[in-house]
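Beneath this line is the structure, given in structure tokens, with notes to follow.
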Amino acid sequence: MNAERKIETLKGIGEKTKLVFQKAGIYTVDDLLEYYPRGYEFYQEPKQISGIEEGECAAVRAVLEEGVSGRYIRSMNILTAACRDETGKLSLTWYNMPYLRYSLKAGALYIFRGRIKKKNYRLLMEQPAVFREDQYASLSGRMLPQYPLVKGLTKNMLSKAMLQALALEEKKEYLPEWIRRSCGLCEYGFAVRQIHFPDSQETLALARKRLVFDEFFFFLLYLRSLRQDREKDRTGFSMKPAQSPEDVIRSLPYELTGAQKNVWETLRRELEGKEVMARLIQGDVGSGKTIVAVLALLMTAENGYQGALMAPTEVLAIQHYQTVCQILEQNHLPWKAVILTGSMLAAEKREAYRQIREGEASIIVGTHALIQDRVEYRNLALVITDEQHRFGVRQREALARKGRMPHTIVMSATPIPRTLAVILYGDLELSVIDELPADRLPIKNCVVDTSYRKTAYRFIAKQVAMGHQAYIICPMVEESEAVEAENVIEYAQMLEEELPAWIHVEYLHGKMKPAEKNSIMERFLKNEIQVLVSTTVVEVGVNVPNATVMMVENSERFGLAQLHQLRGRVGRGDAQSYCIFVHAADGEQIRERLDILSHSNDGFEIANRDMQLRGPGDLLGVRQSGMMDFALADIYADVDILRQVNEAVKRLLEEDRDLEKEENLQLKARFERMRRKQTDSLNL
């Protein structure tokens, strides 16, 4: 089969449907086969209503009591109904499914299947699927894939297209036989079929292991190739010792920690050296990575070169820009900083492009807009990317290619154990800032169940009365625009009723337009909003020193590393801060995991404990959202596979550095195709 076969060549995918698939990033049949399920539906025997519990996904056999009623909230259609069996009554809610109002009949027996929530002390089923008895019986005992959906893309469309793609699948095995044999891996074709439509838990586990192995394998192969390329290079940007960073250090209202001083000394020495610097600065949330990065930018500017700092969100880019401008102004330094983001007006962008092109701007701060084709740098000598796991290796490489082999600094607050960081950042040298500023008060933590909510709301109101602010994080229960938005909208509306009227509550979610998100965060920064209900869109980097409470709903749905990063949004000022982890599902393992957060504020210790607690048995459990940009792999649950891959890649390249042996030609062809595809995706 042609590897580049377009998605529209499949039956039933016309011009309009093609555009819907492209919204999900699916352009070719290969893209479709690599669009893995995020989970599986297990169709078990329906329960009685009295036996269902909050947080679970359950099926009930019940009679629809009355007709379905509907209402609109901010252009979202919401349907409600109720069903009953001999043991009790259950409320039902659907989002943006208006046709159900006419297809469901009062008094008829159905099987309703969906996630159970608690609202106003009553259980309700959210977004339930509706089946007749015979329909449900045909699904009983099967594992059906659940895919991430975008607007217009349905489960049915994906499943039909996937079955066609699998029927056409003729891919040859590309991993050398010795790797498959030594690592206990199934064939690729079997893995792809079983990951989408597994015959059993056992075949799913085999498929997942192979595909996780492949994700790690090509990632590490790419890192090794970057390192090999860089080892050949000498820098054209060797710098002289600079005075301005030392003056800024003396002018700071605080003293740098020992770890910050050590890392700055390393950066200074490497910028003065003859080799191209490629360094990761790994530091816990609040450890002070940004000021060290700014010192490197100042040294670059003093030497007559340009330095760029790329942040993952506009709000964070603006904060970095303001920090740089403040330091330049307070220290009467002559260099100009400019900001470049996607939401700027066309005229503002043109002026920024000019200043960058002509070298008028020495320090450039922005989002991924920094790597757009129209941006031309005069003499880019230093590239810094913040929150590396949100960009991925290829995007920071895209920024680096804007210069003539500039020095590279990567900053990450993602708490990855050092032993894993050495593997996962294999193209970079590693520096760790493992001290927090001395004046930083430790965050007080508590892990509670849902019965604590009312107490938590009273505590938040008390903190707001003292002039502080709070975050409340809602998980995205389903990967659906409607449900994500409704979770935070409904929660914010409920909270407005629970909290005193003078407290301004607002919500934030990932489907909002960038300008709207920026506006809300700016108002939160100014304390015009006291309580912000949000999805994990606030996870990265935003600095609101006045926020003292972080409350995370359904905390059992998150990885510990992600919870720790969310917690890092508070504790940034001089007031005592608090984090409340609320879990809806119960169980010894859940409490054990979350209690780690109660007893430690050290991200690296938490990461190590999380790695010890979890393992390959956690097949479909909690993943670290967005971590390292893997589709299936989880660096904690799959640590043993990662170590296997590391050894396999090391041996492979020792024996055949350029993959020229006959047994490696299929692998080389696939690797080159993947590199081309990734480069094309960055519009380079």
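Kindly check whether there is at least one residue in the range 65-78 that is assigned by TED's automatic domain parsing to the domain that holds residue 107, assigned to a loop (DSSP other than H, G, I, E, B), more than 20 Å from residue 158 (Cα to Cα) and of a type in the set (Ser, Thr, Tyr). For the range 65-78, residues assigned by TED's automatic domain parsing to the domain that holds residue 107, assigned to a loop (DSSP other than H, G, I, E, B), more than 20 Å from residue 158 (Cα to Cα) and of a type in the set (Ser, Thr, Tyr): present. Can you spot a residue in the range 562-573 that is crowded, with 21+ Cβ neighbours inside 10 Å, of a type in the set (D, E, K, R) and part of a loop (DSSP other than H, G, I, E, B)? Yes, the range 562-573 has at least one match. Among the residues making up the range 247-291, those that are of a type in the set (S, T, N, Q) and in a loop (DSSP other than H, G, I, E, B) are 257, 287. Within the range 153-190, take every residue that is out of contact with any Ser or Thr (no Cβ under 9 Å at 6 or more places or on another chain), of a type in the set (Phe, Trp, Tyr) and part of a helix (DSSP H, G or I) and give me the one that is nearest to residue 19 (Cα to Cα). The selected residue is 188. Where residues in the range 118-127 are under 28 Å from the mean Cα position of the chain (by Cα) and modelled with pLDDT of 85 or more, which of them is farthest from residue 88 (Cα to Cα)? In this case the residue turns out to be 127. Within the range 237-279, the set of residues being surrounded by fewer than 18 Cβ atoms within 10 Å (Cβ to Cβ), over 18 Å from residue 324 (Cα atoms) and either in contact with a His (Cβ under 9 Å, 6 or more places away or on another chain) or among the basic types (Lys, Arg) (or both) comprises 240, 261, 269, 274. Only one entry of 631, 648, 669 meets the criterion of being surrounded by fewer than 15 Cβ atoms within 10 Å (Cβ to Cβ), touching a helix residue (DSSP H, G or I) at 6+ places or on another chain (Cβ under 8 Å) and either under 13 Å from residue 212 (Cα atoms) or modelled with pLDDT of 85 or more (or both), and that entry is 631.
Condition first: in contact (Cβ under 8 Å) with a residue 12 or more places away in the chain and within 22 Å of residue 581 (Cβ to Cβ). Can you find one or more residues in the range 513-523 that meet it? Spell out the reasoning first.
Initial filter on the range 513-523 (in contact (Cβ under 8 Å) with a residue 12 or more places away in the chain): 514-515, 517-518, 520-523.
Filter again for within 22 Å of residue 581 (Cβ to Cβ), leaving none.
Checked the range 513-523: no residue is in contact (Cβ under 8 Å) with a residue 12 or more places away in the chain and within 22 Å of residue 581 (Cβ to Cβ).
Within the range 643-666, residues that are within 15 Å of residue 217 (Cβ to Cβ) sit with their Cβ atoms under 7 Å from residues that are of a type in the set (D, E, K, R), at 6+ positions apart or across chains, in these pairs: 649/224; 653/224; 659/668; 664/656; 666/172. If you go through the range 11-40 and keep only what is within 14 Å of residue 158 (Cβ to Cβ), assigned to a helix (DSSP H, G or I) and either among the basic types (Lys, Arg) or free of Cβ contacts under 8 Å to residues at least 12 places away in the same chain (or both), you end up with 18, 23. Residues of the range 345-360 that are surrounded by fewer than 24 Cβ atoms within 10 Å (Cβ to Cβ) and hydrophobic (A, V, I, L, M, F, W, C): 345, 346, 347, 352. In the range 520-538, the residue that is surrounded by the fewest Cβ atoms within 10 Å (Cβ to Cβ) out of those that are in a helix (DSSP H, G or I) and aliphatic (A, V, I, L, M) is 525. Listed conditions (1) surrounded by fewer than 17 Cβ atoms within 10 Å (Cβ to Cβ); (2) under 32 Å from the mean Cα position of the chain (by Cα); (3) in a loop (DSSP other than H, G, I, E, B) are all met by residue 228, apart from (3).
The set of residues in the range 77-89 that are surrounded by fewer than 14 Cβ atoms within 10 Å (Cβ to Cβ) and over 17 Å from residue 46 (Cβ atoms) contains only 80.
Has the range 191-213 got any residue that is on the phi > 0 side of the Ramachandran plot, out of contact with any Pro (no Cβ under 6 Å at 6 or more places or on another chain), loosely packed, with under 15 Cβ neighbours inside 10 Å and outside any helix (DSSP H, G or I)? Taking every residue of the range 191-213 in turn, none turns out to be on the phi > 0 side of the Ramachandran plot, out of contact with any Pro (no Cβ under 6 Å at 6 or more places or on another chain), loosely packed, with under 15 Cβ neighbours inside 10 Å and outside any helix (DSSP H, G or I).
What's the number of the condition residue 244 fails, among (1) closer than 29 Å to residue 603 by Cβ; (2) of a type outside the set (A, V, I, L, M, F, W, C); (3) touching a helix residue (DSSP H, G or I) at 6+ places or on another chain (Cβ under 7 Å)? Here residue 244 clears every test but (1).
Annotation note: of 240, 261, the sole residue that is more than 28 Å from the chain's Cα centre (by Cα) and in contact (Cβ under 8 Å) with a residue 60 or more places away in the chain is 240. Reported count of residues in the range 99-143, each being hydrophobic (A, V, I, L, M, F, W, C), in contact (Cβ under 8 Å) with a residue 40 or more places away in the chain, loosely packed, with under 15 Cβ neighbours inside 10 Å and not in a loop (DSSP other than H, G, I, E, B), is 1.
Looking across the range 110-145, the residues that are of a type in the set (Gly, Ala, Ser) and within 17 Å of residue 78 (Cα to Cα) come down to 114, 129.
For the range 424-442, a residue qualifies if it is surrounded by fewer than 21 Cβ atoms within 10 Å (Cβ to Cβ) and of a type in the set (A, V, I, L, M, F, W, C), and the qualifying residues are 430, 432, 436, 438, 441. Listed conditions (1) modelled with pLDDT under 75; (2) touching an Asp or Glu at 6+ places or on another chain (Cβ under 6 Å) are all met by residue 582, apart from (1).
Annotation note: of 384, 364, 318, the sole residue that is modelled with pLDDT of 95 or more, crowded, with 17+ Cβ neighbours inside 10 Å and not in a loop (DSSP other than H, G, I, E, B) is 364.
Residue-wise test of (1) touching a Ser or Thr at 6+ places or on another chain (Cβ under 9 Å); (2) surrounded by 18 or more Cβ atoms within 10 Å (Cβ to Cβ).
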| site | (1), (2) |
| --- | --- |
| 29 | yes, yes |
| 43 | yes, yes |
| 47 | no, no |
| 59 | no, yes |
| 71 | yes, no |
| 91 | yes, no |
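Quickly run through the range 41-64 and pick out the residues that are part of a loop (DSSP other than H, G, I, E, B) and of a type in the set (Ser, Thr, Tyr).
Of all residues in the range 41-64, those part of a loop (DSSP other than H, G, I, E, B) come to 43-46, 48, 52-56.
Within the range 41-64, 43 is the sole residue that qualifies.
Looking only at the range 228-250, residues that are of a type in the set (S, T, N, Q) and at pLDDT 95 or above come to 2 in all.
The values are calculated or read from the model by the stated rules, or taken from the named source; none is laboratory data. Keep in mind that what you see is a predicted model, and the values were worked out from it rather than measured. Virtual Cβ from ideal backbone geometry, glycine too; neighbours counted across all protein chains shown.
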